[in-house]
Every structure is written in structure tokens, then in C-alpha cells.
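J.: Below you'll find the structure I mean.
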Amino acid sequence: MWHRVIGQQRVKNILLSALRTNRLPHAYLFAGNEGVGKDAMALELARVLHCEKKNEEACGECASCLKLNTLQHPDVKFITALPLGKSEKSDDPPMEKLAAADVESVQEQYRLKGENPYHRIAIARANIIKINSIRDVRRESAMSSLYGGKKVFIISNADEMGDEASNTLLKTLEEPPGDTLLILTTSRPETLLQTIISRCQLVRFDPLTEGDIRAALIEREQVEDSKATLVARLANGSYVRALELLKDDVDGLRQDVVNFVRTTLTGNAVAISEQVEQLASSKDREFVVRFLTLMLIWFRDAFVLLQGGSIINLDQQEDLKRFTAKFPDANLNDVMNAVEQSISLIYKNGYIPLTLLQLTVRLRRAILEHSLQRI
Ligand SMILES: [Zn+2]
């Protein structure tokens, strides 16, 4: 059902049941982590509502579905943050004062979003949803739809509305015009006005499962099995994140992880502190977490290999075997705990260089201590 949307069966059921009983609210608030498919679900609901076949499933072929594939349906407006034009005033139409290059960039981003509803829209200097984009909602919702049926307004990342825009939206929510459906999406619902939240029907989205992400990567992006497994694990429930990871050099990063462990085990204090500094110098918490997650997967593989299970880093099997042969007494449970705790510390704003340095000490202890005792 609604196969363009990955997973989220619980949410699909909620929406389908509202559709079947004709109980769609005037406004939904789709809340959940970034990249779990809130925009995708909003667009799919719009497709189903407007598909000329009038089924519970959008056909993908009729004129309405085709228009939505390029986000150019006159009765479905997708609203997002836009850059400000030169000397633009708040009552100028949202696109009017933009430079030609900005207009082109916006159109290109909309095209990509229509093609792939998991595309993360990236428009330079687009930090705020303009008040006039929201005034348009008010104005256009008062007019009847061109093709019959509901007018749908999707306000993507609604937390990017400023105060004025929020208050304008509130007026629309207070006196909902005729046959319209507003869908606000956000990963930060706590930053919205309480009065806006209370006038929307809240639908919470779950993080995607690794299995869902893995299957989607294989099917949609033709990613090979083992890489899909790795990326799905790193993506932390977000398909948007998974798509971005595909562009990252995950293989290079995996090699860096092996080198990090190798240097740590040499015990060369200068080399260890150099590599800690280098990794910490990115100051990018998410990057460091990704690095440590790969490390965790690598050690888990070493553990699984000893039990005769199936590993994720298939192509590193020889490295892993060499490691377990060299350090048969390593306490891999301690190792994995140490890496997990470092990840959680870095999430919680721990000081990155210190956390990493402590990790190297714990790794050495857990891997070498018993081996040294035997000597
Ligand atoms: Zn259709």
C-alpha cells in the first residue's frame, strides 16, 4: 500500500481509515525525526486525494498524478523556506523578487522533490518560510479548486515559519476555509506555537527500521546487499540520512576505522593523540558518531565471526580473522560497551577529544590486558 512511502504502516493505517470514513481533519501535524518520510507521506496523501482513478492507491499515470510527480499540481501547494529577494517586502509574492538563479534553483529543487519525495530540499539562503507564502495559503484556500476535490497545502518543516507567518497560519487554522487540507511537517514540534499544535491533528512518525531502509536502498538505489546493510545501520532510522551516506565515502571511512584501532594498539602515545586530534578536528559530532558506529559494527563483526555467525563487513573478513587470531583473549564485550558509551557521550555533548582519548585507553585495556597477563 502506498509503496512510494517506506515503512510507516501504522501511520498509513491511520490516514487510510480517515479517508475511508471521510473524516480527514482540516489540518494534520506530521511530527517525527528528520528523514522518516513525513513529506513523502503528505505528498502521497495528496496524490491519493487527487488521483483521477479515485482509488485508495494513486495510479501514478493519470494527469493529476503526473502533475504531482513534478510538484506542479494547481490544487496541491508544497510550501518551504525560500531565500529573500533584493529589497523584498513582506507583501511581495514569495518568488517575485528573487534573482533568476534563485528561481532556477527553487524550481530544480521542487523537481527533485517531486521525483523523489525523500529528497532533502537544499536552497541557498533559504532559512525562513515567508509570511507571504502563508498568506497565499489563506488567499488560495478561499478559492475553489481547479479540478474539484480538496485543496492541499503542505508546509514542509513548518518550524521554519517566523512569528508573523505563524500568526497568519493560526488565523487560517482558526477559521478553516471550505474543502482544504493543511499538512504541517516538522522534526521539531516543540518549537511550534502551542495554539497551532492544538488546532492540528497530531500524527507521530516512527523512525524507520533498518530492514525497511535496507530494502529501500536495494530496490530504489540498486545498492548491493552488504553496503545496504551497513548504510541502513548507520542511518539511524532516517532514509534521507541513508541517501546522504551513499554519497559519503563509507569504504574510506571503514579503512580509517581499522587504522584507528591499529594505531591505538601500538601504544605509541604521540601517534594516538595525533589521530584523536585529527578525528576531533572535524568538530562534526555526527561525523564522529558515524565513525564510531562503523567501529562498533567492526568489533561486533569480530565477535560474530568467533561465534560462526554472518558478518556485515564481508570484504574485511580477512582483517577480522587476523585480529581475532592475534588477540584471542580480547574482551569484545568490554570493547563494544566502550564504543557504545563513547557514542552516547558524544551525542550528549561530551568533549570530543577527551571522549576519544578515553576510548583508546579502554580499547587497549579490553583488547590487550589479558594477553599481556599471559606473558
Ligand atoms: Zn492517478
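J.: I'd like the residue in the range 331-351 that is within 17 Å of residue 261 (Cα to Cα) and touching a residue at least 40 places away in the same chain (Cβ under 8 Å) and, out of all such residues, is surrounded by the fewest Cβ atoms within 10 Å (Cβ to Cβ).
T.: 340
J.: Something else: Out of the range 265-295, which residues are more than 29 Å from residue 242 (Cβ to Cβ) and crowded, with 19+ Cβ neighbours inside 10 Å?
T.: Passing the criteria: only 272.
J.: Continuing with the same structure: Out of (1) open to solvent by 20 Å² or more (accessible area, probe 1.4 Å); (2) within 17 Å of residue 241 (Cβ to Cβ), the odd one out for residue 8 is which?
T.: Single failed check for residue 8: (1).
J.: Also, I was wondering about something else. Sort out which residues of the range 19-42 are in contact with a Pro (Cβ under 9 Å, 6 or more places away or on another chain), open to solvent by 10 Å² or more (accessible area, probe 1.4 Å) and assigned to a helix (DSSP H, G or I), and write them in order of number.
T.: The answer is 39, and nothing else.
Rundown of residues vs (1) surrounded by fewer than 19 Cβ atoms within 10 Å (Cβ to Cβ); (2) in the same structural domain as residue 76 (by TED's automatic domain parsing); (3) within 28 Å of residue 4 (Cβ to Cβ), yes/no style:
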{"position": "91", "(1), (2), (3)": "yes, yes, no"}
{"position": "96", "(1), (2), (3)": "yes, yes, no"}
{"position": "100", "(1), (2), (3)": "yes, yes, no"}
{"position": "135", "(1), (2), (3)": "no, yes, no"}
{"position": "140", "(1), (2), (3)": "yes, yes, yes"}
{"position": "148", "(1), (2), (3)": "yes, yes, yes"}
{"position": "164", "(1), (2), (3)": "yes, yes, no"}
{"position": "179", "(1), (2), (3)": "yes, yes, yes"}
{"position": "185", "(1), (2), (3)": "no, yes, yes"}
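J.: Continuing with the same structure: Could you please give the count of residues in the range 193-242 that are part of a helix (DSSP H, G or I), β-branched (Val, Ile, Thr) and touching a residue at least 24 places away in the same chain (Cβ under 8 Å)?
T.: Total satisfying the criteria: 6.
J.: Residue 198 - would you say it is within 30 Å of residue 22 (Cβ to Cβ), open to solvent by 20 Å² or more (accessible area, probe 1.4 Å) and polar (S, T, N, Q)?
T.: Yes; evaluated as a whole, the condition is true for this residue.
J.: Looking for whichever is modelled with pLDDT of 90 or more, more than 16 Å from the chain's Cα centre (by Cα) and not basic (Lys, Arg) here; the options are 167, 157. Which one fits?
T.: That would be 167, the only listed residue that is modelled with pLDDT of 90 or more, more than 16 Å from the chain's Cα centre (by Cα) and not basic (Lys, Arg).
J.: Please name all residue pairs, on different chains or six or more residues apart, with Cβ atoms under 6 Å, provided the first residue is in the range 50-79 and is among the basic types (Lys, Arg) and the second residue is not in a loop (DSSP other than H, G, I, E, B).
T.: Correct list of pairs: 77/153.
J.: (1) of a type in the set (A, V, I, L, M); (2) assigned to a helix (DSSP H, G or I); (3) more than 22 Å from residue 279 (Cβ to Cβ): which one isn't true of residue 311, the others all being true?
T.: All conditions pass for residue 311, except number (2).
J.: Related question: Can you name every residue in the range 142-185 that is hydroxyl-bearing (Ser, Thr, Tyr), in a loop (DSSP other than H, G, I, E, B) and farther than 24 Å from residue 205 by Cβ?
T.: 144, 145, 147
J.: Considering only the range 296-330, state which residues are charged (D, E, K, R) and open to solvent by 30 Å² or more (accessible area, probe 1.4 Å).
T.: Passing the criteria: 300, 315, 318, 319, 321, 322, 326, 329.
J.: Give the range 116-130 a look and list any residue that's of a type outside the set (Ser, Thr, Tyr), in contact with a Gly (Cβ under 9 Å, 6 or more places away or on another chain) and either open to solvent by 20 Å² or more (accessible area, probe 1.4 Å) or more than 16 Å from residue 84 (Cα to Cα) (or both), or say none.
T.: If the condition is that a residue be of a type outside the set (Ser, Thr, Tyr), in contact with a Gly (Cβ under 9 Å, 6 or more places away or on another chain) and either open to solvent by 20 Å² or more (accessible area, probe 1.4 Å) or more than 16 Å from residue 84 (Cα to Cα) (or both), then 117, 120, 128 are the ones that fit.
J.: Say whether the condition of being touching a helix residue (DSSP H, G or I) at 6+ places or on another chain (Cβ under 8 Å), at pLDDT below 90 and not charged (D, E, K, R) is met by at least one residue in the range 290-311.
T.: Yes, that holds for at least one residue.
J.: Here's a follow-up. Hey, among the residues in the range 62-106 that are within 16 Å of the ligand (Cβ to nearest atom) and of a type in the set (A, V, I, L, M), which one's nearest to residue 132 (Cα to Cα)?
T.: Applying the filter and picking the extreme gives 76.
J.: Still on this structure, I have one more. With respect to residue 188, determine if the residue is touching a strand residue (DSSP E or B) at 6+ places or on another chain (Cβ under 6 Å), within 20 Å of residue 120 (Cα to Cα) and not small (Gly, Ala, Ser).
T.: no
J.: In this structure, is residue 260 at pLDDT below 95 and farther than 23 Å from residue 214 by Cβ?
T.: Here the answer is no, as residue 260 does not meet what is asked.
J.: Further question: Scanning the range 47-61 for residues that are in contact with a Phe, Trp or Tyr (Cβ under 9 Å, 6 or more places away or on another chain) and open to solvent by 40 Å² or more (accessible area, probe 1.4 Å), which turns out nearest to the ligand (Cβ to nearest atom)?
T.: 52
J.: Looking at the range 285-323, which of its residues are among the polar types (S, T, N, Q) and more than 21 Å from residue 341 (Cβ to Cβ)?
T.: Within the range 285-323, 307, 310, 313, 316, 317 meet the criteria.
The values are calculated or read from the model by the stated rules, or taken from the named source; none is laboratory data. Just so it is clear, the model here is predicted, and its values are computed rather than measured. Neighbour counts run over all protein chains shown; Cβ positions are idealised from the backbone, glycine included. Just the protein is used for accessible areas: all its heavy atoms, side chains included, with ligands, DNA and RNA removed. Shrake-Rupley method; radii C 1.70, N 1.55, O 1.52, S 1.80 Å.
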